[in-house]
């Protein structure tokens, strides 16, 4: 059963993350390549860590965007120049990006929810208050 779960991770995680799964940009354990590259592994760790982290700290939208910048900059510099990032740097920028992206989504969802609540109150008191 555990083998089936691990095999499913190897199929679905790259699809969910849109990961290229290049061997030279992935971590290996006991000769087996991780299902995600170092950058996507970091993003997954960052997203999962938010379940605990957000009990203590929720970055603002500005901080969320700032936290996403290192990965974006590292990726574009690597794409546009001969610079080659390391897997540790990819992992770290991925973790920071995952936290920033999760915080951004939570903040935007909260704003949209609050707008919906206020709009609902407006409709209730102005159109349905008989």
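Each reported figure results from applying straightforward, stated rules to the coordinates on display, with no laboratory input. These numbers come from a predicted model, not from an experiment. No Cβ is skipped: glycine too gets one built from the backbone with ideal geometry, and neighbour counts run over all protein chains shown.
The table below gives the values:
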{"item": "Residue 45, sole failed condition from (1) in a helix (DSSP H, G or I); (2) more than 19 Å from residue 105 (Cβ to Cβ); (3) touching a helix residue (DSSP H, G or I) at 6+ places or on another chain (Cβ under 6 Å)", "result": "(2)"}
{"item": "Output for the range 99-122, where each listed residue is more than 17 Å from the chain's Cα centre (by Cα) and under 18 Å from residue 55 (Cβ atoms)", "result": "110"}
{"item": "First in the range 60-76 and more than 19 Å from residue 110 (Cβ to Cβ), second anywhere and exposed (fewer than 15 other Cβ atoms within 10 Å of the Cβ), Cβ under 9 Å, 6 or more apart", "result": "74/83"}
{"item": "Scope the range 62-103; condition more than 17 Å from residue 26 (Cα to Cα), part of a loop (DSSP other than H, G, I, E, B) and in contact with a helix residue (DSSP H, G or I) (Cβ under 6 Å, 6 or more places away or on another chain); matching residues", "result": "83"}
{"item": "Complete set of residues in the range 68-105 that are more than 18 Å from residue 38 (Cβ to Cβ) and crowded, with 16+ Cβ neighbours inside 10 Å", "result": "102, 103, 104"}
